[in-house]
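Okay, structure first, notes after.
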Amino acid sequence: MKKYTVVEIMKMKAEGRKIPVLTAYDFATARILDEAGIPLFIVGDSAGMVEAGYESTLPVTVDEIIYHTKAVVRGRTNALVVADMPFGSYQASVDDARRNAVRLVKEGGAEAVKLEGGTRMAGVIKAIAEMDVPVMGHIGLTPQSIHRMGGYKVQGKSRPDADLIMEDALAVEDSGAFAVALEGIPAQLAKEITERLTIPTIGIGAGPHCDGQVLVVNDMLGLSGQKVPRFVKRYADLRNLIFLAATEYIKDVVEERFPSKEHSY
Ligand code: KIV
């Protein structure tokens with residue numbers, strides 16, 4: 001297997017090859033997902049919710065993303081690692097954005113960064129891309145905008161809203177991004193954007209027509225509790241496996257079956 005770069009990821013769209021993306025937050029999982037052949041990891045600020053138990057992604061800090069990114073980078077061999085820029089790390093000024101993107105690359109080992117927002121963030125995307133740090137855009141349902149959106153709601157359902165999201169997509173591409181995540185938008189709009197852009201679109205809750213798909217790894221592995229969004233497909237039920245393993249362990253210890261002779265020195 002070869003090392004994936006942003007050039008290779010962009011080539012996948014040009015050649016009509018689909019791009020299967022997952023989030024990753026830790027060394028052990030990244031190693032397995034990399035061995036399985038996932039070409040691109042996003043060290044998402046979703047880590048704050050699924051790993052740290054925050055109610056939203058808003059409290060996540062640059063230091064936390066760096067911690068997770070370092071672990072993922074150590075675990076992967078081939079996958080491209082994209083680190084999320086958390087809320088507050090790029091909105092206040094372009095200088096802030098530049099400095100924090102540099103930290104994610106220099107301290108975290110990320111090969112690209114991702115940030116939320118289209119037209120409004122065009123200058124920030126351009127400034128970071130001009131430092132030769134590849135940028136993935138993220139438009140549609142942008143979780144860092146939860147207070148403006150009034151919840152995690154599908155965006156772009158009316159034609160005027162869809163037109164604004166198309167403008168966002170074009171602004172992200174024009175600003176020099178190498179890819180764009182499309183979250184929580186109608187499948188038809190995602191199709192139109194995917195056909196219009198030359199950079200890859202990576203969908204999450206955006207239907208089947210995107211160039212790639214991304215899921216939060218904890219959701220697809222069944223680690224996130226019972227309620228997950230409709231767009232999530234569960235590929236495993238790790239919660240149940242872990243629960244069963246833990247209850248069996250408790251029984252073994254309480255009933256003095258563990259440690260046995262073979263597990264003792
Ligand atoms: O934080 C995240 O996990 C993300 C991806 C799922 C797109 O932004």
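Laboratory data are not the source of any read-out in this text; all were calculated from the coordinates shown. All values derive from a computational prediction rather than experimental measurement. Note: ideal-geometry Cβ built from the backbone for every residue, glycine included; neighbour counts use all protein chains shown.
How charged is the neighbourhood of Ala83? Take every other residue with its Cβ under 15 Å from the Cβ of Ala83, and add Lys/Arg as +1 and Asp/Glu as -1. Taking every other residue near Ala83 into account, the sum is -1. Between Lys2 and Asp63, the modelled labels are 4.1 nm apart [label points 7 Å from Cα along Cα→Cβ].
Taking amide H atoms as placed 1.01 Å from N in the peptide plane, the amide H of Val43 lies under 5 Å from those of Ala24, Val82, Ala83, Asp84, each 5 or more residues away in sequence or on another chain. For the stretch 1-38, the list of GluC sites (Glu not before Pro) that fall in a loop by DSSP and count at most 16 other C-beta atoms within 10 angstrom reads Glu15. Shown in residue order for the stretch 181-186 are the 3J(HN,Hα) couplings computed by the Karplus curve 6.51 cos²θ - 1.76 cosθ + 1.60 at θ = phi - 60°: 7, 10, 10, x, 10, x Hz (x for Gly and Pro).
Only the Cβ atoms of Lys and Arg (+1) and of Asp and Glu (-1) were treated as charged; on that basis the dipole of the chain about its Cα centre amounts to roughly 400 debye. Could you name the lysines in cross-link range of Lys11, using Cα to Cα under 18 Å and dropping any fewer than eight places away on the same chain? Result set, ordered by chain and number: Lys2, Lys3.
Of all the options Glu111, Glu173, Glu255, the one that moves most in a Gaussian network model of the chain with Cα springs shorter than 10 angstrom is Glu255. Loop-located trypsin sites (Lys or Arg not before Pro) in the stretch 190-265 (DSSP state not H, G, I, E or B) with no more than 12 neighbouring Cβ atoms inside 10 Å: Lys227, Arg230, Lys233, Arg257.
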